[in-house]
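The values are calculated or read from the model by the stated rules, or taken from the named source; none is laboratory data. Because the structure is a prediction, the values reported are computed rather than measured. Using ideal geometry, Cβ is built from the backbone for each residue, glycine included, and neighbour counts are taken over all protein chains shown. The accessibility values were calculated without ligands, DNA or RNA, using every heavy atom of the protein model including side chains. Shrake-Rupley method; radii C 1.70, N 1.55, O 1.52, S 1.80 Å.
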Amino acid sequence: MVRAEQNELVVSLDERDHGILLSLLEHKVLTTHQIKNLYFRSFRRCQHRMKELRELDLVSSFSVGRGFGEGRPPACWYLTKPGLAEIADAKGVRTSDLPWIPDHSYRTNKILAHRLGVNAFFCALVEASRAHQEHCLATWRPEHWVRTRAAEVKPDGFGRYLHSVGACEFYLEYDRGTEAFGALSRKLEGYLRLAAGWTNEQELPGFPNLLLIVPEGVREGEVGSALRHAIGTLHAGGSLATSFPLYVASEEQLTELVVLGPAWKHLPTDGQRISLVDLPARPRDLYQSTRCLGRYFTDANPSHRRRMSPASTTPRFPALPPRHAP
């Protein structure tokens, strides 16, 4: 009886289920809130479906410990080997062709907080896009997709956010304040070298913005010092030094001003803070996207998955101001 019910569930896996499995393959670990932002209108419905997928042994989960008074810890989900086999079957490939690395130590992994922070930012952008017409997170690529071949540059992610007047492309660096000054400076040197080779005239039209999230305002000053040191080391001058599109924001500002708020400061010129939609952008018509992330599914009509409507807020990097929250 139980096996028959499980077989029926496996047969009933739909596009959304496969999307969830693929997202876990790509991004390693996602919280329930993050999966909800990507695929569900209802948080409770998301919890229920993830429990069903876990009962099928397609996914597994654990909880992250929190300090006293911080509330119930979020469930963190990751892909299992049977889940990988399901993806391979759906794609018609071998499991060895997929970039899955078995890791049963996620909860003790030193980079877990970093990974969840990166995913939280992108998922907050997905939710924010649903509250604005013509907004869309069209692309989200994790680190292993976008590092350079020689690994001089290893962004934590790459995104393409479409809005009414343009397409903002960006590399994301999620800084937890643990890198020493020298390592931070060398990281920025790598980006400056990449930018210097973008054009022969040292102009940077079309070069993706570099967004750097830091834990607090003090770290912004350290990043500014590291940038000046990197510019001096490379003897970078002229337009490259002044127009290099490095923007920094603290977690505090992104939490207070929400993810599309005016939180980003251009470090080379120490300019006023602006929002993501005011950052340098390419023409929107270069990227006509009809399948924005987070707009695929709703449970309103099981036979026809419609686009999602604005729903909840995320536990960090709020997508909407408090007055928009349910």
Filter result (among the hydrophobic types (A, V, I, L, M, F, W, C) and either in a helix (DSSP H, G or I) or under 30 Å from R41 (Cβ atoms) (or both)) within region 258-294: V258, V259, L260, A263, W264, L276, V277, L279, A281, L286, C292, L293
Residues located in region 88-110, provided they are among the aliphatic types (A, V, I, L, M) and either loosely packed, with under 12 Cβ neighbours inside 10 Å or in contact with a strand residue (DSSP E or B) (Cβ under 8 Å, 6 or more places away or on another chain) (or both): V93, I101
Positions within region 143-166 being crowded, with 20+ Cβ neighbours inside 10 Å and touching a strand residue (DSSP E or B) at 6+ places or on another chain (Cβ under 6 Å), in sequence order: P155, D156, G157, G159, R160, Y161, L162
Flag if G232 is free of Cβ contacts under 8 Å to residues at least 12 places away in the same chain and either surrounded by 15 or more Cβ atoms within 10 Å (Cβ to Cβ) or more than 29 Å from H132 (Cβ to Cβ) (or both): yes
Complete set of residues in region 227-247 that are modelled with pLDDT of 90 or more and over 12 Å from T269 (Cβ atoms): R228, H229, A230
Single residue of A138, A124 found to be in contact with a strand residue (DSSP E or B) (Cβ under 7 Å, 6 or more places away or on another chain), under 22 Å from A263 (Cβ atoms), of a type in the set (A, V, I, L, M) and open to solvent by less than 30 Å² (accessible area, probe 1.4 Å): A138
Every pair of residues 6+ apart whose Cβ atoms lie under 8 Å, when the first sits in region 197-216 and is under 20 Å from K154 (Cα atoms) while the second is at pLDDT below 70 and open to solvent by 70 Å² or more (accessible area, probe 1.4 Å): L204/W198; G206/W198; F207/W198
Matching residues in region 210-229 - criterion: being outside any helix (DSSP H, G or I) and open to solvent by 40 Å² or more (accessible area, probe 1.4 Å): E216
Options F181, F170; residue that is surrounded by fewer than 13 Cβ atoms within 10 Å (Cβ to Cβ) and at pLDDT 90 or above: F181
Count of residues meeting criterion [modelled with pLDDT of 90 or more and open to solvent by 10 Å² or more (accessible area, probe 1.4 Å)] in region 39-57: 13
Number of positions in region 111-121 that are part of a loop (DSSP other than H, G, I, E, B) and either open to solvent by less than 40 Å² (accessible area, probe 1.4 Å) or more than 30 Å from A263 (Cα to Cα) (or both): 0
Subset tally (residues that are touching a His at 6+ places or on another chain (Cβ under 8 Å) and not hydroxyl-bearing (S, T, Y)) for region 235-259: 2
